[in-house]
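Before any comments, here is the structure.
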Ligand code: KIV
């Protein structure tokens with residue numbers, strides 16, 4: 001029997017243990033080729049339900065289904081060796097009851113071979129997080145701006161600027177007590193994110209939060225600059241691939257129209273390869 005030399009993947013406890021050691025690095029990504037390119041640089045890769053907006057042009061994450069999460073989860077799984085794979089639970093797949101959450105979370109683990117699921121909500125989801133973690137399902141929580149609650153919030157607004165700061169602190173505390181191995185803090189004031197990070201023992205993963213969070217996450221396509229019409233303050237564009245793609249498509253179209261592509265080196269003769 002041959003012994004596989006497969007790289008050991010990071011696990012949820014590995015992520016928890018990184019708190020206080022070094023910053024945790026993660027991206028939301030959705031395809032095999034991208035997962036392959038980023039794997040060695042990431043601690044975890046999230047297949048976020050942002051896939052609905054980023055890859056499928058949906059107006060919000062509310063229309064994302066379990067089947068979509070499973071399809072993209074499997075795709076990313078094929079591209080990862082080292083980074084932990086976390087898959088989002090889509091809207092409507094976990095809120096009804098802890099039992100409903102277990103049924104869908106266990107399906108995500110079984111079918112995508114992810115190491116953990118992520119779900120949105122603090123105190124309201126504590127019972128569910130406890131139920132899942134007691135039944136062998138590692139959970140990453142998500143508090144602050146939880147995009148699945150866009151209709152309750154009345155938009156994608158910064159959370160925790162007023163009295164709701166205390167609610168967000170209580171949310172962080174509740175998900176930790178319920179057994180979450182880490183918590184995403186989205187679009188909350190820098191000092192609030194810092195306070196929560198100091199106060200709880202599980203790692204905070206910031207997105208629009210604070211450089212003092214225990215880790216950071218961005219959506220891959222935002223970071224690459226794939227969109228010219230979407231640039232929230234918390235996104236740093238490390239490239240402008242959207243403009244490059246449009247320029248490349250324009251150049252290709254021009255060359256096809258003037259018949260300079262394909263050139264002799266791109267076509268086959270009766271002999272040769
Ligand atoms: O869906 C997603 O990509 C996310 C991250 C932005 C945290 O939840």
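Just so you know, all these numbers are worked out from the coordinates, no wet-lab data involved. Note that this is a predicted model, so its numbers are computed, not measured. Cβ coordinates were reconstructed from backbone atoms using ideal geometry, including for glycine residues, and neighbour counts include every protein chain displayed.
May I ask for the Rg/Rh ratio of the range 122-273, computed from Cα atoms with Rh as the Kirkwood radius, given to two decimals?
Details: Rg = 23.2 Å, Rh = 18.5 Å.
Here Rg/Rh amounts to 1.25.
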### Task
Can you tell me the 0 to 90 degree angle between the C-alpha axis of helix 98-112 and the longest principal axis of the chain, rounded to 10?
30 degrees
### Query
Sorting 114, 213 on the 10 Å Cβ count, fewest up front, what's the list?
213, 114
#### Entry: Diffusion constant of the range 81-164 at 20 °C, which comes from Stokes-Einstein with the Kirkwood Cα-pair radius and 1.002 mPa s, µm²/s
158 µm²/s
### Task
Hey, for a label at residue 260 modelled as a point 7 Å past Cα toward Cβ, could you say which residues of the range 224-250 have their backbone N under 20 Å away?
244-250
### Task
Identify which of 109, 84, 241 has the largest mean-square fluctuation in a Gaussian network model of the chain, with springs joining Cα atoms closer than 10 Å.
241
### Query
So how do 262-273, 133-144, 7-18 stack up, highest first, on mean other-Cβ count within 10 Å?
133-144, 7-18, 262-273
### Message
Tell me the Rg and the Dmax, in Å, that the Cα atoms of the chain produce.
### Response
20.8, 76
### Task
Using a Gaussian network model of the chain whose springs link C-alpha atoms within less than 10 Å, name the residue from 131, 94, 247 with the highest mean-square fluctuation.
247
### Query
Can you tell which of 230, 44, 91 shows the greatest fluctuation in a Gaussian network model of the chain with Cα springs below 10 Å?
230
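At 222 nm, what helix-only mean residue ellipticity would the chain give, in deg cm²/dmol to the nearest 500, using -39500 (n - 2.57) for each DSSP H run of four or more?
Working: 11 runs with 105 residues, N = 273.
It lands at -11000 deg cm²/dmol.
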#### Entry: Length-normalised contact order for the range 12-239 - Cα pairs under 8 Å, 6+ apart - percent
19 percent
